[in-house]
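See below for the structure under consideration.
Quick note: the coordinates plus some simple rules give every number you see, no bench work behind them. All figures in this text were calculated on a predicted structure; none of them were measured in a lab. All Cβ positions, even for glycine, are placed from backbone atoms using ideal geometry, and neighbour counts span all protein chains on display.
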Amino acid sequence: MSLPSQQRWVVFDKQTLENNVFYVQTLGVPARTLLDDPQVKQGEKLFSGANCAACHIAELRTGDDKVNAIANQTIHPYTDLLLHDMGTGLADNRPDFKASGTEWRTSALWGIGLTQTVLPYSGYLHDGRARTLEEAILWHGGEAESSKEEFRTMSKGDRAALVRFLNSL
């Protein structure tokens, strides 16, 4: 089998690009579930108590935008959108612009409870290496080492509550 000698590029006009940007910007985010569930409420407290909320910030505000529906809105992405040193366990040792090989942008957790519904058997973390949310938490290191240790030393029931909270997002 031979490969074509020329690469084929798809060229989009400006309107197609703008339409795609608009589509992605205005996608709806899944609503939280189980808000009144006592275990979810307990898990939310444990999440904050373990200092997970230092990076996975629950509430942010959008800025000005020409699309009024998304301008100046309070959102709940559970991220600070910042880079953090996550330690050697998650390192790919490949710097990217100003990010070192151990730094990662805090992933947004909203909708994470639907991961297995949308794509069964998918993994967690930036590269899918974690098979469960528990594994994803236990891969944390660096700046999140103390939060990981807090989770690791929780009782089985408390760990289950924290994971149930995550699945409610």
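Some notes on this structure:
- Val29 vs. criteria loosely packed, with under 11 Cβ neighbours inside 10 Å and among the β-branched types (Val, Ile, Thr): no
- Residue count, region 68-102 (criterion: among the aromatic types (Phe, Trp, Tyr) and either touching a strand residue (DSSP E or B) at 6+ places or on another chain (Cβ under 8 Å) or over 24 Å from Glu135 (Cβ atoms) (or both)): 1
- Matching entry among Lys45, Lys66 (being surrounded by fewer than 16 Cβ atoms within 10 Å (Cβ to Cβ), touching a helix residue (DSSP H, G or I) at 6+ places or on another chain (Cβ under 9 Å) and without any contact (Cβ under 8 Å) to a residue 40 or more places away in the chain): Lys45
Residue-wise test of (1) under 11 Å from Met86 (Cα atoms); (2) in contact with a Ser or Thr (Cβ under 9 Å, 6 or more places away or on another chain).
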| residue | (1), (2) |
| --- | --- |
| Thr106 | yes, yes |
| Gly113 | no, yes |
| Ala130 | no, no |
| Ser146 | no, no |
| Phe151 | no, no |
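- Residue check, Arg105 touching a strand residue (DSSP E or B) at 6+ places or on another chain (Cβ under 8 Å), among the basic types (Lys, Arg) and in contact (Cβ under 8 Å) with a residue 12 or more places away in the chain: yes
- Residue, surrounded by the fewest Cβ atoms within 10 Å (Cβ to Cβ), within region 102-146, restricted to residues that are in contact with a helix residue (DSSP H, G or I) (Cβ under 8 Å, 6 or more places away or on another chain) and among the charged types (D, E, K, R): Arg129
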